[in-house]
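Data first, discussion second: the structure below is written as structure tokens.
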Amino acid sequence: MDTLDYIIKSIEKLVNIPSPSGYTKEVMEFVEKEALSFGFSSEYSQKGGLIITVPGKRNETIGLSAHVDTLGAMVRSIDKEGTLKFTLVGGYTMHSVEGSYCKIHTRDGRTYTGTILIKSSSVHSYDDAKTLERTERNMLVRVDERIHNKEDVLALGINSGDYISFDPKFELTESGFIKSRHLDDKASVAVLLGILKDISETGDLPERKIKILISNYEEVGFGASWLPEDITELVAIDMGAIGDDLNGSEYKVSICAKDSTGPYDYELTSHLIRLATENEIDYVVDIFPHYGSDVSSALRGGNNIRGALIGQGIHASHGMERTHKSALENTLKLIKAYIGV
């Protein structure tokens, strides 16, 4: 199978495995299995992140990271009518999830479907349906079961602290667009799996040993706060933001010079820009004012590394996201140029 086709098929599989931050066991097992199918073993950190090791020609170890955790929610409480109040997992706006189908995952392994709604859910019934502020206190989950009260919900095994995941609505268009929730950052996880596929099939070792870190708490700010001590530099493969006063494009790979946590390593970032230029990779350099990455959390965690950030441009991030296969291909090419395969 062509590597780009494999990446897109992997994105579809990944986004359909529920994995809000901290609820990532199933999706980690999928990534671990895929890596093993290409001949690469993995181990887990105490925090539940996955570390995939790729041998290199030299002993120096570099890190590539992507996060498999997504936005989601958690049951906060159950009201007397039997609808669920929820609290956010990750940072997003309520209007970006209003009307979304969702799943409720109980602690004893049961799964129920539901819909995220505003309390005043119909213009036929509520004077303030259009104007009610979209905040946590005004949102609810309607569960798809015969429910009349709180006791009926508790009898289903649903309780406070249960995770809620969002329906991704994956679609690949004939024009090459990938539309789905959770492209941040499962698109990048799929690109790294594509790297493993190519290394396995060609037998070409990268210049340096690589540890690929698949983190599971990035959306809440501490994805890669711990790193193996032998990593000298870390490149986070995340998403390129698109929007007001930004250079990002759904067709290009973004190289981030600075985000909300500060500048990325000057020499490493400049090196990535040179590689993109020399290899005729379609790229932009950008500033992300409302953004943090695995590198950000690694540096805050005290890790002694150089850090950089790249990723395919994604439109409407933390909403109904979209990218194009061209951006995935450009991201793949830049990673391969960086690791030397």
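Of all the criteria given as (1) in contact with a helix residue (DSSP H, G or I) (Cβ under 9 Å, 6 or more places away or on another chain); (2) touching a residue at least 24 places away in the same chain (Cβ under 8 Å); (3) crowded, with 18+ Cβ neighbours inside 10 Å, the one not satisfied by residue 87 is (3).
A residue that is outside any loop (DSSP other than H, G, I, E, B), over 18 Å from residue 36 (Cα atoms) and modelled with pLDDT of 95 or more can be found somewhere in the stretch 201-213.
Among the residues making up the stretch 119-145, those that are under 11 Å from residue 98 (Cα atoms), assigned to a loop (DSSP other than H, G, I, E, B) and either without any contact (Cβ under 8 Å) to a residue 40 or more places away in the chain or among the β-branched types (Val, Ile, Thr) (or both) are 119, 121, 135. The number of residues in the stretch 30-65 being assigned to a helix (DSSP H, G or I) and either surrounded by 13 or more Cβ atoms within 10 Å (Cβ to Cβ) or touching a Leu at 6+ places or on another chain (Cβ under 7 Å) (or both) comes to 6.
Looking only at residues in the stretch 229-242 that are part of a loop (DSSP other than H, G, I, E, B) and in contact (Cβ under 8 Å) with a residue 12 or more places away in the chain, the one that is nearest to residue 211 (Cα to Cα) is 230. Taken as a whole, the structure leaves residue 268 outside the set of residues that are in contact with a helix residue (DSSP H, G or I) (Cβ under 8 Å, 6 or more places away or on another chain) and under 24 Å from residue 61 (Cα atoms). Examine the stretch 256-274 for a residue that is of a type outside the set (A, V, I, L, M, F, W, C), in contact (Cβ under 8 Å) with a residue 60 or more places away in the chain, buried (at least 17 other Cβ atoms within 10 Å of the Cβ) and touching a strand residue (DSSP E or B) at 6+ places or on another chain (Cβ under 6 Å), and state whether such a residue exists. No, the stretch 256-274 contains no residue that is of a type outside the set (A, V, I, L, M, F, W, C), in contact (Cβ under 8 Å) with a residue 60 or more places away in the chain, buried (at least 17 other Cβ atoms within 10 Å of the Cβ) and touching a strand residue (DSSP E or B) at 6+ places or on another chain (Cβ under 6 Å).
The values are calculated or read from the model by the stated rules, or taken from the named source; none is laboratory data. Note that the coordinates shown come from a computational prediction; the quantities given were computed from them, not determined experimentally. Backbone-built Cβ (ideal geometry, glycine too); neighbour counts: all protein chains shown.
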